[in-house]
Amino acid sequence: MTRLFASNCPDWSTDGPETREGNFRRSSADAYRAVQAAARRKMVDSPMCCGWHRTMFVHHVPLDYYAGNYRQVDPSRPCLEKNVEVSGIAGAPYNIVDSEMRRLFDVARLHLISLEINWPRLSPNERSKRLAIILAMMIGRFIQIHPFVNGNGRVSRLLWAWGLIRFGVPPQLRVRRHPEHPKYNSVMAKAMQGDFSPLALFIITHLARHAHNPPIVQE
């Protein structure tokens, strides 16, 4: 669970009351449909990621600008000026989140485009290995930065789904609720500490169950 450091800004838990569960289910489905559409037409980037967050949470936040905006320095939105930690491990300081997210997607884009270009020349094993490493880096670094005030786990799973759908592979984990897979918590805890290798292994086992020649969607 994400904990905000001392602040007089409104607290926000992503676990809403049962009376709002139906609305949250619909907004989560809307965000997932946006991910499916995006995977087929363009590379993921920072504005797209923020859009998914806003779609999922805009009706479920105590403060409107919590939805769809990174933690950042913004005098007009002071409650975004927050540091977060997960199980005692700090995310990126709020004043560098935006630049770190731009860097994350710039690097991921280069690796993904390279993989798509070289795909026809790679063996099935090499395809799975390279895709797993790239997705683990992208998802793991996202969770390590922890860019939003809350909802980072759900958006990381949307990003995860984008990466798999992009390469013709079914999603690995559910998005709206916390995954029940016994390895999920441990691989994400390692990612938060900067070790993305368990996450890569976790992804590659999923790819192995869907071994085929998936279509590549060029931008």
Looking at segment 153-195 only, could you name the residues that are at pLDDT 90 or above and either of a type in the set (Val, Ile, Thr) or in contact with a strand residue (DSSP E or B) (Cβ under 7 Å, 6 or more places away or on another chain) (or both)?
155, 165, 187, 192, 193
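How many residues, within segment 59-111, are hydrophobic (A, V, I, L, M, F, W, C) and either assigned to a helix (DSSP H, G or I) or free of Cβ contacts under 8 Å to residues at least 12 places away in the same chain (or both)?
As a first pass, look at segment 59-111 and keep what is hydrophobic (A, V, I, L, M, F, W, C): 61, 63, 67, 73, 79-80, 84, 86, 89-90, 92, 96-97, 101, 104-105, 107-108, 110.
This time we only want the ones that are either assigned to a helix (DSSP H, G or I) or free of Cβ contacts under 8 Å to residues at least 12 places away in the same chain (or both), so: 79-80, 90, 96-97, 101, 104-105, 107-108, 110.
Qualifying residue count, segment 59-111: 11.
Every residue in segment 30-44 that is part of a helix (DSSP H, G or I) and either touching a strand residue (DSSP E or B) at 6+ places or on another chain (Cβ under 8 Å) or touching a residue at least 60 places away in the same chain (Cβ under 8 Å) (or both), please.
The first filter runs over segment 30-44 and keeps only residues part of a helix (DSSP H, G or I), leaving 30-39.
Result: 31, 32, 35, 36, 38, 39.
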Does any residue of segment 134-153 turn out to be in contact with a helix residue (DSSP H, G or I) (Cβ under 6 Å, 6 or more places away or on another chain), in a loop (DSSP other than H, G, I, E, B), farther than 22 Å from residue 55 by Cβ and not aliphatic (A, V, I, L, M)?
no
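Determine whether segment 48-67 contains at least one residue that is of a type in the set (S, T, N, Q), surrounded by 20 or more Cβ atoms within 10 Å (Cβ to Cβ) and closer than 19 Å to residue 35 by Cα.
From segment 48-67, those of a type in the set (S, T, N, Q) are 55; that's our starting set.
From what's left, surrounded by 20 or more Cβ atoms within 10 Å (Cβ to Cβ): 55.
Adding the requirement that they be closer than 19 Å to residue 35 by Cα leaves 55.
Looking for residues that are of a type in the set (S, T, N, Q), surrounded by 20 or more Cβ atoms within 10 Å (Cβ to Cβ) and closer than 19 Å to residue 35 by Cα, one finds at least one in segment 48-67, hence yes.
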Within segment 45-58, track down each residue that is part of a loop (DSSP other than H, G, I, E, B) and in contact (Cβ under 8 Å) with a residue 40 or more places away in the chain.
45
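Scan segment 84-93 and tell me whether some residue there is in contact with a His (Cβ under 6 Å, 6 or more places away or on another chain) and polar (S, T, N, Q).
So in segment 84-93, the residues in contact with a His (Cβ under 6 Å, 6 or more places away or on another chain) come out as 84, 91.
Going one step further and asking which of them are polar (S, T, N, Q), we end up with none.
No; the residues of segment 84-93 include none that is in contact with a His (Cβ under 6 Å, 6 or more places away or on another chain) and polar (S, T, N, Q).
The values are calculated or read from the model by the stated rules, or taken from the named source; none is laboratory data. Everything quoted here is computed from the prediction, not taken from an experiment. Positions of Cβ are generated from backbone atoms using ideal geometry, with glycine treated the same way; all protein chains shown enter the neighbour counts.
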